[in-house]
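First the structure, which I've put down as structure tokens, then a few questions once you've had a look.
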Number of protein chains: 4
Amino acid sequence: MKHLILNLSCPDQAGIVAATTQVLAQAAMNISESHQYGDKESGQFFMRIALEAPAPCEIKDVQALFAGVAKTYKMDYAFYEASSPELAVKPKVVIMVSKFDHCLHDLIYRTRIGSLDMDIVAIISNHPIDQNRLEATNIPFHYWQDPKENEKKLRALLEAEQVELVILARYMQILSADLVQTLAGRIINIHHSFLPSFKGAEPYSRAYERGVKMIGATAHFVTADLDEGPIITQGVANIRHDMGVSDLVDVGRDVERRTLAHAVKLYLQRRILLNGKKTVVFE
Amino acid sequence: MKHLILNLSCPDQAGIVAATTQVLAQAAMNISESHQYGDKESGQFFMRIALEAPAPCEIKDVQALFAGVAKTYKMDYAFYEASSPELAVKPKVVIMVSKFDHCLHDLIYRTRIGSLDMDIVAIISNHPIDQNRLEATNIPFHYWQDPKENEKKLRALLEAEQVELVILARYMQILSADLVQTLAGRIINIHHSFLPSFKGAEPYSRAYERGVKMIGATAHFVTADLDEGPIITQGVANIRHDMGVSDLVDVGRDVERRTLAHAVKLYLQRRILLNGKKTVVFE
Amino acid sequence: MKHLILNLSCPDQAGIVAATTQVLAQAAMNISESHQYGDKESGQFFMRIALEAPAPCEIKDVQALFAGVAKTYKMDYAFYEASSPELAVKPKVVIMVSKFDHCLHDLIYRTRIGSLDMDIVAIISNHPIDQNRLEATNIPFHYWQDPKENEKKLRALLEAEQVELVILARYMQILSADLVQTLAGRIINIHHSFLPSFKGAEPYSRAYERGVKMIGATAHFVTADLDEGPIITQGVANIRHDMGVSDLVDVGRDVERRTLAHAVKLYLQRRILLNGKKTVVFE
Amino acid sequence: MKHLILNLSCPDQAGIVAATTQVLAQAAMNISESHQYGDKESGQFFMRIALEAPAPCEIKDVQALFAGVAKTYKMDYAFYEASSPELAVKPKVVIMVSKFDHCLHDLIYRTRIGSLDMDIVAIISNHPIDQNRLEATNIPFHYWQDPKENEKKLRALLEAEQVELVILARYMQILSADLVQTLAGRIINIHHSFLPSFKGAEPYSRAYERGVKMIGATAHFVTADLDEGPIITQGVANIRHDMGVSDLVDVGRDVERRTLAHAVKLYLQRRILLNGKKTVVFE
């Protein structure tokens, strides 16, 4: 038995689910979980199906089977092997980080214990990071200092390693619009504020100045429009009047790493579908 | 255009979704939202579908259309008109209450502003309640003092008014096992603790004694096994050391009314399906 | 035994607490609870003391007793009778409201059951409101349509009734800078967003447009600078992708009324002290 | 300038704060933050004061200064240097762990980045743990397999290293009543349920069986009465119907480590005072 996920979106019309599930039923696939949503505003229909397929079952064969109905309904679609600790080939991921490494270490730890079913193929930083701790993980670490060269190297790495997802785990350098466009829906960033509050730099200082009683973090897909990408998930924490900026940073690190890890988990479980400037999250 | 909800559960097997949605597609119904879940433990499959049906469309006609597939797959199923402020015939509800009326007033208010699409046909109490406030709502109020007679009267009322749901909004008298059995999945209770903590009487006093740092409330379907019915939703709030029992009661009222209202809303939106001693909640 | 609250702020220096509590001890007052905080940024010291005073005890006598130390340390200070259901003379409050009455009804209800120890002396609206429901409460209701006349009438009412606090419970008309200045720290507003996100009009529509995954509400003191007043407390709720603007409004009403009621309770318990553009909240 | 914390509790009576703060003022100490609370039920008064003392200032000198007033009011009291990244001599801590190491790694990480100002002098486990990862931290690791010998070794270690706090970071072996008594208020445990729900073994399996919609974790001081020690803080997370026991474990790990870290931080900031079977937490 093989566990697959099918995600699709297409212009909404009657009959999509019937046509889709009939193809799956003919292939003796069982639906163990599904979510469907038709967005009136965009006119798009979204579906996520968790499937049990009789083995042997190759994704390319299933795709062939599905090509007809996909064409008829003009579907964007993909089959994935379901996220699980036993997954043979896990999604390949690159983590980029600058000075603050709390999200990085959290992602590494969650990956090691099997909470995040992914294969971290490289860690890239534009700051020197304590390598002693990272070596223990056997993940290749790259310290790239030259902003001009970084993107070229990154593109080469992504292609060589067939990387699916780039995670900006508090990476403070802006990626080019061109790269962001190429990787649409494949770069997740954690912004250290409850967007759209405190867009831009130094959100904790500005939150302190404003005297807010809660701070937050926002995980979103990266687009050329800074801090305006589709939001995946958000988290918050309470703040007391006696907390200074450094306390906000401390509390915020917790919210950031939790929020980013949640977003990455949703991604790996194939629960996020893009809907223009928004996301559909099937939880 | 008519908005319907189809809820069903049946023994899990391949082909259920395909067979179901094909019938719907043939009737030119469009799926605007759907959730499906197969529970490995119970072997049951659960589905909720939000449908747009071309008018004129009568539920009894749709049911006739669906009878065949339902029989084939041994489905428990029901079609409902979707919850909305414009709903012509709203689900009929009875609210039962004892001394504390915070949940009662909250449900009345939410119904009036259209947040809960239901028709409260009667309020029943075993305590005298300030009727001046209730008269303004024009909802019939019954003050039933004799425990022996109450259930007989209640059964008569439920039948006469074709009541679908009974809400125990802090009603402190126990219903008979027989009545509870008859109304399985149709009585929602709010228990003023985070079950299974503090089952039984005076949960706030016991929470205070124990020195907990959070209190909670639990909305659940009522079964003959007290405080053991299927849980629908739970809520919590933080507690400080300087709060006495009366402060816990005060904070708790907020959690109770919010949690109960949430459960009732989930019910009215037909998002709750029974799965033995548990619930499937499609949110 | 009389329960009092003493709130004070003054320029920070050593000896404030010793001098203050010595005066109280000499008057045989017992401290049942206290919070103190020195803000490094503003250089101000803040203190809230809950006291048990031997009866008979008049606030004006206690104030006389305290005048010396208050002068020495340049204190802003006030004694209050502690909030309690038995409080003889409760703080007088005016509630202002426009079209949406969920916060209004919530405040009325909480006042009636003794959760908020205040005396609502008037409800003012610039919209016609269903008076049938309000009459039951016996609170005078004023429907003031002429924006030019409203402030004049309001000032007269506040003075005639010796009103302490004005609550803007979704009141959508802007008060003059002059009035706001006069009532600094005495007007609480509920803004229906998680400030500083979505300042200004129609926050729920804009939250929907942006595709946020959480919405919030902010209770703050009103200043001439719109939506920039000192924040008292904030609340949030999760949002799903299938929720439209009307769903956000529905969920938001809950957050708004909870957040506003919390802020009013903090005020009545004398837990909020102004610290420039921020608040110190002793919880 | 030296930053100190004074914590005290004593039988409640008038004059405690005045007497205490007068001594501090005479020593030219400034109060930067304070919390006070008189518990009507136990008749005890609790106080935490954050102080700025003019350097040079030795804790033993301050204690000598304070001995008189402490004796008069029968105080339990202690002065501490305030928690800060710059703290010269940090509280010495031992972490005990069994099979699950998520809390352990989280505590190590938070200590390294300066979020927890403590000195982990040893990690003790009754299970073999991946030492490769731990070596990088340079913290001595002890793998103690013989239950009969463990406590003897532990006592020797605590004395040799002058350990202040023992953290049971998912340590699944029961400590003797005698040891627990000796270390009253100095052992913090994380229980993987929202106590008093699911006391004892396998709380996640039982939470799954019961079909709860939220799970929790509870950090508490350890007493001889298992799972009945004074609660410090609690955390919760939402659960969906499609989550199995392993998902609950996964979500729970997050709640556990967050809740335990919060409790440890409160301890290090000297914000927790014991009040019989409860805690006073000054936040």
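The values are calculated or read from the model by the stated rules, or taken from the named source; none is laboratory data. Keep in mind that what you see is a predicted model, and the values were worked out from it rather than measured. Cβ atoms come from the backbone with ideal geometry, glycine included; neighbour counts cover every protein chain shown. Just the protein is used for accessible areas: all its heavy atoms, side chains included, with ligands, DNA and RNA removed. Shrake-Rupley method; radii C 1.70, N 1.55, O 1.52, S 1.80 Å.
When the scattering of the stretch C:2-81 is computed by the Debye formula from its Cα atoms alone, each counted once and equally, what is log10 I(q)/I(0) at q = 0.15 Å⁻¹?
Each listed q maps to, in turn, -0.47.
Further, regarding this structure: Holding the Cα-Cα limit at 31 Å, pick out from A:Lys152/A:Lys278; A:Lys265/D:Lys92; B:Lys148/C:Lys265; D:Lys148/D:Lys277 the pairs that are longer than that. Could you put the intermediate results ahead of the total?
Details: A:Lys152/A:Lys278 29 Å; A:Lys265/D:Lys92 36 Å; B:Lys148/C:Lys265 42 Å; D:Lys148/D:Lys277 29 Å.
Cα-Cα > 31 Å for A:Lys265/D:Lys92; B:Lys148/C:Lys265; rest within.
Now, a different point. Once you have a ≥ b ≥ c as the square roots of the Cα gyration tensor eigenvalues for chain B, tell me rounded if a/c is under 1.5, and otherwise prolate or oblate according to whether a/b is larger than b/c.
Verdict is prolate for chain B.
Rank A:Leu24, A:Ala88, A:Ile174 by how far each Cα sits towards the positive end of the charge dipole of chain A (+1 on Lys, Arg Cβ; -1 on Asp, Glu Cβ) and give me just the farthest.
Comparing the listed Cα positions along the dipole, A:Leu24 ranks first.
Follow-up. Over the stretch A:132-183, what portion of Cα pair distances is larger than 19 Å, expressed as a whole percent?
32
For the stretch D:111-170 and the stretch C:222-253, what is the separation of their C-alpha centers, rounded to whole Å?
Between the Cα centres of the stretch D:111-170 and the stretch C:222-253 lies a distance of 47 Å.
If the only charges are +1 at each Lys and Arg Cβ and -1 at each Asp and Glu Cβ, what is the size of the charge dipole of the stretch D:145-283 around the Cα centre, to the nearest 20 debye?
On the way: 19 positive and 18 negative charges, 75 e Å.
Approximately 360 debye in magnitude.
What is the set of long-range amide H partners of A:Glu228 at a cut-off below 5 Å, with H atoms built 1.01 Å from backbone N?
A:Thr223
I'd like the trypsin sites (Lys or Arg not before Pro) in the stretch D:9-115 restricted to DSSP loop residues with at most 11 other Cβ atoms within 10 Å, sorted by number.
Numbers: sites: D:Lys40, D:Arg48, D:Lys60, D:Lys71, D:Lys74, D:Lys92, D:Lys99, D:Arg110, D:Arg112; in loops: D:Lys40, D:Lys74, D:Lys99.
Answer by residue number: D:Lys40, D:Lys74.
Nothing charged except the Cβ atoms of Lys and Arg (+1) and of Asp and Glu (-1): what's the magnitude of the dipole of the stretch B:2-81 about its Cα centre? Round to the nearest 20 debye.
160
Sticking with this structure for a sec: In the Gaussian network model of chain D, springs joining C-alpha atoms below 10 Å, which of D:Ile123, D:Ile232, D:Ile139 carries the largest mean-square fluctuation?
Result for chain D, Cα springs under 10 Å: D:Ile139 fluctuates most.
Are there any GluC sites (Glu not before Pro) in the stretch D:38-130 that are in a DSSP loop and have at most 14 other Cβ atoms within 10 Å? List them by number.
Hits after loop and neighbour filter: D:Glu41, D:Glu58, D:Glu86.
Rank by packing, highest mean first: peptides A:250-257, C:8-15, with packing defined as the count of other Cβ atoms within 10 Å averaged across residues.
The most tightly packed comes first, giving A:250-257, C:8-15.
Counting only residues 5 or more places away or on other chains, whose amide H sits under 5 Å from the amide H of D:Ser32 once H atoms are built in the peptide plane?
Result for D:Ser32 returns D:Ala50, D:Leu51, D:Glu52.
For D:Lys60, which aspartates and glutamates qualify as cross-link partners when the Cα separation must be under 13 Å and same-chain residues fewer than eight apart are set aside?
Within the straight-line limit of under 13 Å, D:Lys60 reaches these aspartates and glutamates: D:Glu81.
Given H placed on each backbone N at 1.01 Å, which residues far from B:Asp12 in sequence or on other chains put an amide H within less than 5 Å of it?
B:Gln44, B:Phe45
Separate question: Put a point 7 Å out from Cα along the line to Cβ at A:Glu228; what are the distances to that point in the other copies, in nm, shortest first?
Spelled out, the distances from A:Glu228's label point are 2.4, 5.9, 6.2 nm.
Helix by helix, which DSSP H runs in chain A go 27 Å or more along their axis at the Cα atoms and have an average Kyte-Doolittle hydropathy of -0.5 or more?
For chain A, where a helix must reach 27 Å along its axis and average at least -0.5, the hits are A:245-268.
Please enumerate, by chain and number, the aspartates and glutamates with C-alpha under 20 Å from the C-alpha of C:Lys74, excluding those fewer than 8 residues away in the same chain.
Partners within reach: C:Asp12, C:Asp39, C:Glu41, C:Asp61, D:Glu33.
Taking beta carbons within 10 Å but only from partner chains, what does the mean come to for residues D:238-246?
5
Hey, what does the equivalent ellipsoid look like for the stretch B:192-283, semi-axes from the Cα gyration tensor as sqrt of 5 times each eigenvalue, largest first, whole Å?
With the √(5λ) rule applied to the stretch B:192-283, the semi-axes are 26, 14, 9 Å.
Okay, moving on. Per residue and in cubic angstrom, what volume does the convex hull of the Cα atoms of the protein assembly as shown have?
Cα convex hull per residue, to the nearest whole number: 187 Å³.
Then there's this: What are the label-to-label distances in nm, one decimal and shortest first, from C:Asp178 to the same spot in the other copies, with labels 7 Å along Cα to Cβ?
Computed spacing set for this position: 6.2, 7.5, 8.2 nm.
Report the antiparallel proportion of the DSSP beta bridges in the stretch D:166-283 as a percent, rounded to a multiple of 5.
85
Putting +1 on Lys and Arg Cβ atoms and -1 on Asp and Glu Cβ atoms, find which of A:Thr233, A:Leu274, A:Leu260 reaches farthest to the positive end of the dipole of the stretch A:204-283.
Of A:Thr233, A:Leu274, A:Leu260, it is A:Leu274.
On a 1.4 Å probe surface of the protein chains, which of C:Arg186, B:Arg271 comes out largest in accessible area, and what is the full order?
Reading off the accessible areas and sorting them downward yields C:Arg186, B:Arg271.
Grab the DSSP H runs of chain C that are 4 residues or longer, score each as -39,500 (n - 2.57), total them, divide by all residues and round the 222 nm result to the nearest 500 deg cm²/dmol.
Mean residue ellipticity at 222 nm (helix-derived): -10500 deg cm²/dmol.
Top mean-square fluctuation among C:Leu104, C:Leu116, C:Leu65, Gaussian network model of chain C, C-alpha springs under 10 Å?
Answer for the Gaussian network model of chain C: C:Leu65.
When each pair of different Cα atoms in the stretch D:49-112 is counted once in the 1/r mean, what is the Kirkwood radius in angstroms, to one decimal? Before the final figure, lay out the partial values.
Working: mean 1/r = 0.0660 Å⁻¹.
Final number for the Kirkwood radius of the stretch D:49-112 is 15.2 Å.
GNM, chain C, Cα, under 10 Å: largest mean-square fluctuation among C:Ala201, C:Ala263, C:Ala217?
Checking each option, the largest mean-square fluctuation is seen for C:Ala201.
Give the nm distances, rounded to one decimal, from B:Ile59 to the matching residue in every other copy, measuring between label points 7 Å along Cα toward the beta carbon; shortest first.
When each copy's label point is compared with this one, the spacings are 4.4, 5.7, 7.0 nm.
Now a separate question. Between beta-carbons, use under 13 Å as the cut-off and find the net charge around B:Leu4, counting Lys and Arg +1, Asp and Glu -1.
Working: positive: B:Lys2, B:Arg48, B:Lys60, B:Arg270; negative: B:Glu33, B:Glu52, B:Glu58, B:Asp61, B:Glu81.
Net local charge, B:Leu4 excluded: -1.
Considering only the other residues whose Cβ falls under 10 Å of the Cβ of C:Ile239, what net charge follows from Lys and Arg at +1 and Asp and Glu at -1?
Working: positive: C:Lys213, C:Arg240; negative: C:Asp242, C:Asp247.
Here the count lands on 0.
I want the antiparallel fraction of DSSP beta bridges within chain B, as a percent rounded to 5.
Beta bridges within chain B, antiparallel portion: roughly 70 percent.
Next question, about the same structure. Would you mind computing, in nm to one decimal, how far apart the modelled labels at A:Ala184 and C:Tyr143 are, each placed 7 Å from Cα along Cα→Cβ?
Calculated label separation equals 5.3 nm.
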